[in-house]
Amino acid sequence: MRREILRMERVTVTEQGRKLLNNFNFQMFEGEVMGLVPLDSYGLQELTDCLQDNRPLLYGRVYIREKLVNTYAGHTRRRNRVYTISKAENLIESLQGADNVFLIRKGYKGFWINDRLIRRQLQILLEKVGIQIDPGRKVKELRILEKDVIGIVKAAVAKADVVILRDPGSSLWPEDKKRLEKVIRYYAGQGLSFIYISTKPEELNQFCDRVSVMSHGRIIKVLEKEEIASSLEQHYFFPYRLLETTKTEVEDRGEKVFRCEAMNYRSIRDMTFDVDRGEGLLIHDYDNFDWQDFIDVLSGEKPESGSLWWKGKEIDKERRKVGVILENPTETMLYPEMSYEDNLCLCLEHNVERLWMSRKKRRSIAREVAGREITGKVKELSLEEKYDLVYQRILLQKPEIVFCFFPYRNVDVKIQRFIEKFLKRYLSKGIAVVMITMDLMDGVSVADRILLFGKNGSRLIFDREEFERIAFGKEEK
C-alpha cells in the first residue's frame, strides 16, 4: 500500500479579498513524481508558500506524512521539509557544491569542516546517479543541469519530504533532460517525492507518474500516466495545438491606428499585428517574449528591424498618442511622495500653458477629474484611488491607443471590475485598448479580438465569439 506523503484539503488562501487558492485539493504519495500544470498564474506562489512556510489559511488543512502541519484554525511558523528548485533556487553561488549540500542546511551543528571528506561524500552521491560534477567547484561556475542536481542531492541529504521543481526543463537540452530524469527516478525510488511544475506536455509525460491540472487556484483534473499526453493536448492546450498547425494572417480591416510590422528587438521576434480605432485587442504569448523589450520600443528604443507606426506615421513623432499602463501601476507609475494633483498632471505640460508654475491650475484640474478636493501625498490614498489616478492620468493624455501590460495580475475582484469598467470607458471614447495578459481568460469580456503568438512566428487571431466557443467547449472540433 502506498504511503501518503502530502494531502491538502479544501485549502483557501486570500490576499486583499482575492482568492488565490480556492478550495484547493491535492494528494500525492511517497516516491511519486506528480506533475502540476498551471493553466494560469493564480495561486502558484501561494501554493509553494503553504507547503514550505505554512502560510495562514482562510480555510482548509495541510497534512505531511499524515501529520497536520497547517489549518485555518491556526498555523505554525516552523518550516516544513519542502524544498524548491527553480531558476531562483537558494543555493549560495559563491560556495562550492559540497558546502551547499552538507553545511548550508537546517540542523547542521558541526564546527570543524573537513573539506576533503565532504567533497568525497558528495562524489559518492553523484556517482550513484551517474552524474559527474567536480564537488569543489563553486555553484556559480556550474551549468544549469548541475545546479539542479546539486539542489536535489541537497534536499535528499536534508531528508526532504517533497521537492518542488519549477519548470526545470525550459532551460535544458534534450540530453540534459534525460540525465535529470535519471536523477529524479533514482531518488523517487529512494522514497523522495517530487512536484514537477510545467506547461509542456512532452516533459510532463516524460517525467511524471500523474498530473494535476490547476486553473484559477484549484485542481480541476487529475490525469493518470496513460492520460497525460492525449488529455493535455486535446483538452487543455488547444492554443498550443492550433498554433502549431495554423497561422492566421493579419486582416486588412477597419481604420488602423497602430501597426507593429515584422519587428525584431531582443526577445521579440517577427512580431506583426495591427489595431483598429476603438478596438479591444487581447494578446497572449506562448513564445516567451520579454514584454519589457516591447515596452522599451514603445518608450523610444529603436527596433533591430521592422517598424511601429501610428496612423501611417512613425511612432517617434506621435509618441504621446500611445498610452502605456505598466504591470502593478500603483507601484510602477506613481510617485508616492508627490501630491495627487502633481501625479495627475505629469503628462499635461504639452497641453496646458505654464502648468508647473501654477499650483492653482493643477488643483483645479485634479478637482474636476476626481470630483472632490484630494489633499495629501499619493502614498496616503486607498488602493482604488491610486488605480483611479493612473487610469485618469492616461485619459487626460488623450491617447489614440492604450497598451495595458498584465492589468489583472495580482489584483482582487473589486479592482478587476474597476479596471474592466475603465477599459470599456476608453473603448467608448474611440480609444483602442491592447491588453497583454498572463492568463488567457483575463480580459476576454473587453476584447473584440484575441491574438495568440506561438513559436516560429505563428499566430492565431479569433473574434471573441469564436474564441469563447472553442475555449469553453461550445463547439465540437
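The values are calculated or read from the model by the stated rules, or taken from the named source; none is laboratory data. Remember, it's a predicted structure, so these values are computed and weren't measured experimentally. Ideal geometry is used to build each Cβ from the backbone, glycine not excepted, and the neighbour counts take in all protein chains shown. Areas reflect the complete protein model, heavy atoms only, side chains present, ligands, DNA and RNA absent. Shrake-Rupley method; radii C 1.70, N 1.55, O 1.52, S 1.80 Å.
Values as computed for the structure displayed
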| read-out | value |
| --- | --- |
| The chain, accessible area per residue, ligands and nucleic acids excluded (1.4 Å, Å²) | 50 Å² |
| Within the accessible area of segment 137-234 (1.4 Å probe), percent carbon and sulfur | 48 percent |
| Segment 1-17-segment 406-437 distance, computed between alpha-carbon centres (Å) | 32 Å |
| Spread of Cα-to-Cα distances over 5 Å intervals beginning at zero, given as percent, for segment 329-477 | 2, 8, 16, 18, 18, 13, 9, 6, 5, 3, 2, 0, 0 |
| Fraction of alpha-carbon pairs over 22 Å apart in segment 377-454 - percent | 24 percent |
| Whole-angstrom gap from segment 313-386 to segment 139-186, using each part's C-alpha centre | 48 Å |
| Extension gain (nm, one decimal) between Leu117 and Val157, 0.36 nm per residue minus Cα-Cα | 12.9 nm |
| Cα-centre dipole for segment 31-77 with unit charges at Cβ (Lys and Arg positive, Asp and Glu negative), debye to 20 | 260 debye |
| Sites Glu349 and Gln292 - FRET efficiency at Förster radius 22 Å, r taken between beta-carbons, to 0.05 | 0.25 |
| Global size of the chain as Cα Rg and Dmax, reported in angstrom | 25.8, 79 |
| Over the chain, relative contact order from alpha-carbon pairs under 8 Å, at least 6 apart, % | 16 percent |
| Percentage relative contact order, segment 351-477, counting C-alpha pairs under 8 Å, at least six apart | 16 percent |
| FRET efficiency estimate (nearest 0.05) - Cβ-Cβ, Arg137 to Glu9, R0 30 angstrom | 0.10 |
| Low-density loop positions, GluC sites (Glu not before Pro), segment 277-306 - DSSP coil, at most 15 other Cβ in 10 Å | Glu301, Glu304 |
| Listed residue pairs exceeding 26 Å between alpha carbons, taken from Lys302/Lys424; Lys361/Lys398; Lys67/Lys159 | Lys302/Lys424 |
| Rounded accessible area of Ile431 (nearest 10 Å², 1.4 Å probe) | 10 Å² |
| Potential extension, Ile124-Ala73 segment - 0.36 nm per residue separation minus Cα distance | 13.9 nm |
| Of the DSSP H helices in the chain, those whose Cα atoms cover at least 18 Å axially and whose Kyte score averages 0.0 or more | 144-157 |
| The chain: calculated mean residue ellipticity at 222 nm from DSSP helix runs of at least 4, using -39500 (n - 2.57) | -9000 deg cm²/dmol |
| Relative contact order of segment 259-400, defined on C-alpha pairs under 8 angstrom at six or more residues apart (%) | 24 percent |
| Given 12 as the ceiling on other Cβ atoms within 10 Å, longest exposed-site-free region of the chain for chymotrypsin sites (Phe, Trp or Tyr not before Pro) in DSSP loops | 113-471 |
| Convex hull volume per residue in cubic angstrom - Cα atoms of segment 301-385 | 145 Å³ |
| Positive minus negative residues near Arg65 (Lys, Arg vs Asp, Glu; Cβ under 9 Å) | -2 |
| Cleavage-rule hits, GluC sites (Glu not before Pro), segment 333-371, DSSP coil, Cβ neighbours within 10 Å at most 14 | Glu337, Glu349, Glu353 |
